[in-house]
Amino acid sequence: AELGVERRFVPESCPRAVRPGDFVRYHYIGAFPDGTRFDSSYDRGSTFNVFVGKGQLIAGMDQALVGMCVNERRFVKIPPKLAYGSEGVPGVIPPNAVLHFDVLLIDVWNSEDQVQVQTYFKPEKCPRTVQVSDFVRYHYNGTFLDGTLFDSSHNRMRTYDTYVGIGWLIPGMDQGLLGMCVGEKRIITIPPFLAYGEDGDGKEIPGQASLVFDVVLLDLHNPKDGIAIENQLVPESCERRSQTGDFLRYHYNGTLLDGTLFDSSYSRNRTYDTYVGKGYVIAGMDEGLLGVCTGEKRRIIIPPHLGYGEEGRGKIPGSAVLIFDIHVVDFHNPSDSVSITVHYKPSNCTVLSKKGDYLKYHYNASLLDGTLLDSTHSLGKTYNIVLGSGQVVLGMDMGLQDMCVGERRTVVIPPHLGYGEDGVEGEVPGSAVLVFDIELLELVSGLPEGYMFVWNGEISPNLFEEIDQNHDGEVLLEEFSEYIQTQVDTGKGKLAPGFDFEKIVKNMFTNQDRDGNGKVTAEEFKLKDQEAKEEHDEL
């Protein structure tokens, strides 16, 4: 005679129970007391959707649904007076029939509901939150209130990318994403009138369905964004900042906003080398590398329209904000020349180094970031060269000019006057600016340009005869070499300093041996001033 309700399954969590005025979606099986079925929503393949407490149901069901939780199962016995009474339903329900319903509640909402947001993880740092017109990239799992999965971006292994607040999303998601931080995780529950409404989406989502989205925000930007720069370390001494046209060498770690690493120059153990402001790198990096100092560390945050755009590249997804943590190793300009800073110059500085002089000096060689490359001090011996003879890089030849013994100076050499784009494998990186701290210890004056040997006094009028010791009219290399050695030993002549004696003598002899037969005759033999008069350019 009375309504009977048996709660056969009650879920552990019941955040909301049915109240009069709520709209519900439920499955049911309707049977008579003898077990004979008269109706089933399962047979129709769709839930029964109805408002509770508004007279749209038989009185017994209106009462029996109140207090139910989603996923709760109830067995309901309804007497005739709360069902179809003495009239029944012709052909379906006989008069005065007791009805049994096995009910499973799938969904419940109310027309006064709003979007519900439950944040279950929020990063400690949240410099920016989602605002209207922002573009976001997020992952989600979409379920109904009963937990049934209807969609997942994780399964597609691709984020959902969209503008927020401009109608690209269902209204409830537009609301639910506002205020999120990158890295935040939240559950957004959306009533159907802010989702797909009475008709559903025509695919997976039925009409009048509440939707639950478990969302993690991976990326966030606005089309109006420029790059953002966070200075992490700026050297106290910064004599020069990068400008358009400069060539930079820098290390970087490239990550997405959620911290995912997509590239690193450190892993390749090689700097990234490029011109700045010339379009060799993405627009955001071109801008972010301007105004840096050597040794500076900065973070450059680049929106996708200044990065790799909607298409992305490689490990970089489309529409991704990029973060580059960079460390500037060095930079120069192709117009740069050698820079010389004198730290000490003796008071009696009268003899200055020039092309052809033989120099002995100590040096420490390093990169602009201070990395030591080489040092003569560690070897315990000086470095010895003939200035201007090509024995060192052109920048060092320039940097050692006009120096006096005892002077100390720092010479900064751009790569186009050093080891160029290739560098020296295993020693000097390509395109590296070099810094040499130099102390000149000894200087031996060289000979005039073009000369390998000069006389210190008058030249004998019978020079050929003196060299031709056996007086056979021919001078061999051995005779020539012995004669030159004697002149040097006795102080009558001087060889160019810093060169191998045998190589110099052989070069001098070859210049005189004009027919190349290994002998010099009196007709072939000429001094340099005689050659000049005859318009010869041989040494």
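Spot the failing condition for LYS224; the list is (1) surrounded by 14 or more Cβ atoms within 10 Å (Cβ to Cβ); (2) in a loop (DSSP other than H, G, I, E, B), and only one is missed.
(1)
Mind checking whether some residue in the range 363-371 is open to solvent by 70 Å² or more (accessible area, probe 1.4 Å), out of contact with any Cys (no Cβ under 6 Å at 6 or more places or on another chain) and not charged (D, E, K, R)?
Within the range 363-371, the first condition is being open to solvent by 70 Å² or more (accessible area, probe 1.4 Å), and the residues that meet it are none.
Checked the range 363-371: no residue is open to solvent by 70 Å² or more (accessible area, probe 1.4 Å), out of contact with any Cys (no Cβ under 6 Å at 6 or more places or on another chain) and not charged (D, E, K, R).
Can you find even one residue in the range 17-26 that is open to solvent by less than 90 Å² (accessible area, probe 1.4 Å) and touching a Pro at 6+ places or on another chain (Cβ under 9 Å)?
Yes, the range 17-26 contains a residue that is open to solvent by less than 90 Å² (accessible area, probe 1.4 Å) and touching a Pro at 6+ places or on another chain (Cβ under 9 Å).
Condition first: open to solvent by 50 Å² or more (accessible area, probe 1.4 Å), under 21 Å from LEU178 (Cβ atoms), in a loop (DSSP other than H, G, I, E, B) and not acidic (Asp, Glu). Now tell me which residues in the range 101-125 satisfy that.
GLN114, LYS122, LYS125
Quickly run through the range 140-196 and pick out the residues that are surrounded by fewer than 17 Cβ atoms within 10 Å (Cβ to Cβ), among the hydroxyl-bearing types (Ser, Thr, Tyr) and part of a helix (DSSP H, G or I).
Result: no residue meets the conditions.
From the list ASP34, ASP22, pick out the single residue that is within 24 Å of GLU198 (Cβ to Cβ), out of contact with any helix residue (DSSP H, G or I) (no Cβ under 7 Å at 6 or more places or on another chain) and not polar (S, T, N, Q). Before you say what the answer is, go through the steps one by one.
Working: ASP34 fails: within 24 Å of GLU198 (Cβ to Cβ).
That would be ASP22, the only listed residue that is within 24 Å of GLU198 (Cβ to Cβ), out of contact with any helix residue (DSSP H, G or I) (no Cβ under 7 Å at 6 or more places or on another chain) and not polar (S, T, N, Q).
Inspect all residues belonging to the range 234-257 and state whether any of them is modelled with pLDDT under 95, within 29 Å of VAL130 (Cα to Cα) and either open to solvent by 50 Å² or more (accessible area, probe 1.4 Å) or in contact with a Lys or Arg (Cβ under 6 Å, 6 or more places away or on another chain) (or both). Please lay out each step first, then the result.
Filtering the range 234-257 for residues modelled with pLDDT under 95 gives 234-240, 257.
Okay, now just the ones that are also within 29 Å of VAL130 (Cα to Cα), so 257.
Of the ones still in play, those that are also either open to solvent by 50 Å² or more (accessible area, probe 1.4 Å) or in contact with a Lys or Arg (Cβ under 6 Å, 6 or more places away or on another chain) (or both) are none.
Within the range 234-257, none of the residues are modelled with pLDDT under 95, within 29 Å of VAL130 (Cα to Cα) and either open to solvent by 50 Å² or more (accessible area, probe 1.4 Å) or in contact with a Lys or Arg (Cβ under 6 Å, 6 or more places away or on another chain) (or both).
How many residues are more than 30 Å from TYR272 (Cα to Cα) and not hydrophobic (A, V, I, L, M, F, W, C) when one looks only at the range 418-467?
Quick first cut of the range 418-467, residues more than 30 Å from TYR272 (Cα to Cα) only: 439-467.
Next, from what is left, pick out any that are not hydrophobic (A, V, I, L, M, F, W, C): 439, 442, 445-446, 448-451, 456-458, 460-462, 465-466.
The total comes to 16.
Select, from GLN56, GLN63, the only residue that is surrounded by 18 or more Cβ atoms within 10 Å (Cβ to Cβ) and over 23 Å from THR143 (Cα atoms). Steps first, answer last, please.
Working: GLN56 fails: surrounded by 18 or more Cβ atoms within 10 Å (Cβ to Cβ).
One residue alone meets the criteria, GLN63.
If you go through the range 312-325 one residue at a time, how many are surrounded by 19 or more Cβ atoms within 10 Å (Cβ to Cβ), touching a Gly at 6+ places or on another chain (Cβ under 7 Å) and outside any strand (DSSP E or B)?
Of the residues in that region, 1 qualify.
Taking the range 268-308 only, how many residues are buried (at least 16 other Cβ atoms within 10 Å of the Cβ), within 15 Å of the chain's Cα centre (by Cα) and of a type in the set (Gly, Ala, Ser)?
Looking only at that region, the number is 3.
Can you name the condition, by its number, that VAL328 falls short on among (1) in contact with an Asp or Glu (Cβ under 6 Å, 6 or more places away or on another chain); (2) surrounded by fewer than 19 Cβ atoms within 10 Å (Cβ to Cβ); (3) of a type in the set (A, V, I, L, M)?
(2)
The values are calculated or read from the model by the stated rules, or taken from the named source; none is laboratory data. Please read these numbers as outputs of a predicted model, since none were measured by experiment. With ideal geometry, Cβ positions are generated from the backbone for all residues, glycine too; neighbour counts draw on all protein chains shown. Side chains are part of the model used for accessible areas, which takes the heavy atoms of the whole protein and leaves out ligands, DNA and RNA. Shrake-Rupley method; radii C 1.70, N 1.55, O 1.52, S 1.80 Å.
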